[in-house]
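Notes follow once the structure below has been shown.
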Amino acid sequence: MLFRESQGETGPQTRFFILMKLEGITLKVLFRFIMNTIMIGIFLFSLPIANSAQQATQTVIAKGVATVFGEDKGLARDQAIDDALRKAVEQTLGTFVQASTLVQNNMMVEDNILSWSDGYVRSHRIINEGLTDPSTYEVSIEAVVELANLKNDWESVQNLLNRMGNPRIMFMIDEQNIGQTTSWQNYLSVDMNVTETALLNKFITNEFECVDPAMVRQNLKREQAAAVLQGDTQMAAAIAKKLGAEVIVTGKTVAKIATGINLGGMKSCQANITARVVKADVATVIATGSQHAAYPHIDEVTGGTEAIKKATTKLADELITQITKKWKDEFYNATIVKLEVRGISSFSQLNDFKNTLKFLIRGVKDIYTREVSENMADLDVKITGNANQLARELERKDLDKFQVKITGLTMNKIALHLSEKTLPE
C-alpha cells in the first residue's frame, strides 16, 4: 500500500512527518470537496426559489387608449393607464384560460376579474405615452402581474360557474306529524325528521353539499334549537356558521287530517310546510317558500308522513330554483358585501369614508348605511366582485386620508378598523 511503513527504515519522527503530510493532503481535498458541495447545494437550492419567483409574476406589455374630453389630457391619461392595466391583466389571464372560455363568460370576466385590475398588478412603468390625434391619448406600459391572486380569483369564478348556487346547506325544520304534540320540545330526541330527510335527499340529488342533520343535533343545546325553530334568524345564522354551512334552511311542517271529506274509509292526510333560507355569515333571508300536499291513507300517521314527503319535495324544488337564481344574480350582476367598520370618530368621517370608497374603489356601485353606534358602523356595499377582492383592494389602495386594517373576512362580510393618516406638520 502507498505510504506503508517498511520496518526498520522509519522511526517515530519519520512516521509523524509522513502522517502530517497525509493529513495535509487529506484536509485540502476534504476542504475543497466540502466547499464544492456547499456551492452546488446553494445553486440547486436557488433554482426552485428563482423558478417560484418567476412563476409568481408575469411581465407583459400592454397598450391603453382614452378619449380626450374638453382638452382634459390629464384625465384622459389616467383613463388610458387604467385601460392598459386591464388589458395587461386580460392578456395574462389568457395565458392560462382558453380564449373561447373568456368570450363565453365575457360579462363574468369583465365584472369579477377585470374590474379589479389594480389588485393584480404589482407594479408598472410607462414605456411610451402621448396624443395619437387631438382626441385620443395612448399609453404603453410594462406591467408586472401577480399570478397567484389572479389564478385564485379565476378558480373561484370557475368554482361558482361549475357549482352555481351550490353552498353548503344545513336544515332545521320544526315538524309536527298527525298525533304529535309541539315538536320543537322534542327536536333533539331524533336524528332527523321526515321533512329534513326529504330535503336532504332532494338537495343531495341536485349535487348540493349538505350538513348531516344528526351532526347538527349533536352540537346543539335545547335552548338553541328552540330559538331557531321559533324563528330566531340570528341564532340560526350563528349555528350554521359554527357548523361550517354557508346557508341554513329553517321552517315548520304541520300535518293533520282534513275533516268533512269522505274517502270510503280512507283518511285525507294534509301537510303544510313553510321555510326560509338564510345566509349564515350575514344573517339575511335569500329565499322563502311554502307548499301543501295531501295523501289518502287508512293509517293517519303513515298518511301524514307521505303527505309531508310530497309537500317537502315540491318545496325543495322551489327553494333550489330560488337559491340558484339568487347566487347567479349576485355573481353576474352586483352583490352585497357587509362592512363592519370600527374606529369611526364622527358621522361626517363616516360619510367621507363612504365617498372615498365610491370614488377610489373600482366595482363599488353603492353604499348603504345600516347602523351607526358609538365608534362602529355597519355598511352594505353593493359591488361587482366578491368580499375577498374588496378586502384586498381596501388594504392595498391609497385611500386618500384613510388607512384600513382588515380584521376579519368571510364569504359575504368584511370587518375592518378605520384610522386616518398622520399628516406631516
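The values are calculated or read from the model by the stated rules, or taken from the named source; none is laboratory data. All values derive from a computational prediction rather than experimental measurement. Using ideal geometry, Cβ is built from the backbone for each residue, glycine included, and neighbour counts are taken over all protein chains shown.
For first residues located in the stretch 373-394 and buried (at least 21 other Cβ atoms within 10 Å of the Cβ), partners that are of a type in the set (K, R) and lie 6+ apart or on another chain with Cβ distances below 6 Å do not occur.
Considering the stretch 198-235 alone, what residues qualify as being buried (at least 18 other Cβ atoms within 10 Å of the Cβ) and closer than 23 Å to T313 by Cα? Once the filter is applied, which keeps residues that are buried (at least 18 other Cβ atoms within 10 Å of the Cβ) and closer than 23 Å to T313 by Cα, the stretch 198-235 yields A198, L199, L200, K202, F203, F208, C210, V211, P213, V216, V228, L229. If you check A294 against the conditions, is it touching a Leu at 6+ places or on another chain (Cβ under 9 Å) and either closer than 18 Å to I248 by Cα or without any contact (Cβ under 8 Å) to a residue 60 or more places away in the chain (or both)? Spelling it out, it is not the case that A294 is touching a Leu at 6+ places or on another chain (Cβ under 9 Å) and either closer than 18 Å to I248 by Cα or without any contact (Cβ under 8 Å) to a residue 60 or more places away in the chain (or both). Selection of the stretch 379-393 for residues being part of a strand (DSSP E or B) and either touching an Asp or Glu at 6+ places or on another chain (Cβ under 6 Å) or modelled with pLDDT of 90 or more (or both) yields L379, D380, V381, K382.
This table checks each residue for (1) hydroxyl-bearing (S, T, Y); (2) in contact with a strand residue (DSSP E or B) (Cβ under 9 Å, 6 or more places away or on another chain); (3) over 30 Å from D400 (Cβ atoms); (4) not in a helix (DSSP H, G or I).
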{"position": "T274", "(1), (2), (3), (4)": "yes, yes, yes, yes"}
{"position": "D281", "(1), (2), (3), (4)": "no, yes, no, yes"}
{"position": "T288", "(1), (2), (3), (4)": "yes, yes, yes, yes"}
{"position": "H292", "(1), (2), (3), (4)": "no, yes, yes, yes"}
{"position": "A307", "(1), (2), (3), (4)": "no, yes, yes, no"}
{"position": "L350", "(1), (2), (3), (4)": "no, yes, no, no"}
{"position": "F353", "(1), (2), (3), (4)": "no, yes, no, no"}
{"position": "Y368", "(1), (2), (3), (4)": "yes, yes, no, yes"}
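M215 meets the conditions (1) in contact with a Leu (Cβ under 8 Å, 6 or more places away or on another chain); (2) in a loop (DSSP other than H, G, I, E, B) in every case but one. The failed one is (2).
Quick grid of which residues meet (1) modelled with pLDDT of 90 or more; (2) touching an Asp or Glu at 6+ places or on another chain (Cβ under 9 Å):
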site	(1), (2)
I361	no, yes
Y368	yes, yes
A377	yes, yes
E395	no, no
D398	no, no
V404	yes, yes
L418	yes, no
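Determine, yes or no, whether A255 is out of contact with any Phe, Trp or Tyr (no Cβ under 7 Å at 6 or more places or on another chain) and either crowded, with 19+ Cβ neighbours inside 10 Å or not assigned by TED's automatic domain parsing to the domain that holds D174 (or both). Spelling it out, A255 is indeed out of contact with any Phe, Trp or Tyr (no Cβ under 7 Å at 6 or more places or on another chain) and either crowded, with 19+ Cβ neighbours inside 10 Å or not assigned by TED's automatic domain parsing to the domain that holds D174 (or both). So, D78, is that one over 26 Å from the mean Cα position of the chain (by Cα), modelled with pLDDT of 85 or more and assigned to a helix (DSSP H, G or I) or not? So D78 fits the description; yes. Quick one: is A238 modelled with pLDDT under 90 and more than 13 Å from D174 (Cα to Cα)? Spelling it out, it is not the case that A238 is modelled with pLDDT under 90 and more than 13 Å from D174 (Cα to Cα).
Just one residue in the set I239, I178 is more than 19 Å from D317 (Cα to Cα), touching a strand residue (DSSP E or B) at 6+ places or on another chain (Cβ under 6 Å) and either assigned to a loop (DSSP other than H, G, I, E, B) or in the same structural domain as D281 (by TED's automatic domain parsing) (or both); that residue is I178.
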